[in-house]
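The numbers here are math on the coordinates, done by the rules we state, and not lab data. All figures in this text were calculated on a predicted structure; none of them were measured in a lab. Here the Cβ positions follow ideal geometry from the backbone for every residue, glycine too, while neighbour counts run over all protein chains shown.
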Amino acid sequence: MATLSRRHRRPRRWLPHPVLSLFMLFLWFLLVNQISGGHLVLGAILAWFIPFVTQSFWPQEMTLSRPWVALKFLFLVVGDIIVANWSVARMILASPRKLKPAFMRLELDLKQDFSITLLASTISLTPGTVSADLTADGKALIIHTLHVDDPTEAIATIKRRYEAPLKEIFECSTP
């Protein structure tokens, strides 16, 4: 940040990412598994303080263009994680020698670092796949999969199920 002049820096805001703060407060209640006044105060302080302190590390403003698409995406990812857990367990327990692991290259339509990070995290959260690398130019993800019959179809599925909604949620210019 020292290399940027004052006029290129974003002004420091008191509540830089309100949606993130609400999400962090919700996660806090899930972690402590108890709702009380003390946990509300501590969770609210953390949900404000962490984004406030780290706002200079965010390369661009995080905007949530389509909250309903984001909610639908969240349920889709949770469902995919549950299904993938069962699929991976079944494949490994049935016949691990029949697995066809592969590295695949996913050409990105996403442009923002935050969106790309969310896509890579989503892929890694889903059992059986992991985001192994981002190319030096930032235009492709290298993905390792535990088993794939058709890499082209697997890439198309990832683009349709994960990348397209993330592009709509975070990179769409019209709300």
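Here are the numbers for this structure:
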{"read-out": "Residue pairs, from the table Lys98/Lys139; Lys72/Lys111; Lys72/Lys98; Lys98/Lys159; Lys98/Lys167, whose Cα atoms sit over 28 Å apart", "value": "Lys98/Lys139; Lys72/Lys98; Lys98/Lys167"}
{"read-out": "Relative contact order (percent, whole number), the chain, Cα cutoff 8 Å, 6+ residue spacing", "value": "24"}
{"read-out": "Kirkwood Rh and Cα Rg combined as Rg over Rh, evaluated for region 49-175", "value": "1.01"}
{"read-out": "Helical mean residue ellipticity (222 nm; -39500 (n - 2.57) per DSSP H run of 4+; nearest 500) of the chain", "value": "-16500 deg cm²/dmol"}
{"read-out": "In nm, spacing of pseudo-spin labels at Asp150 and Asp133 (7 Å Cα→C-beta vector)", "value": "2.8"}
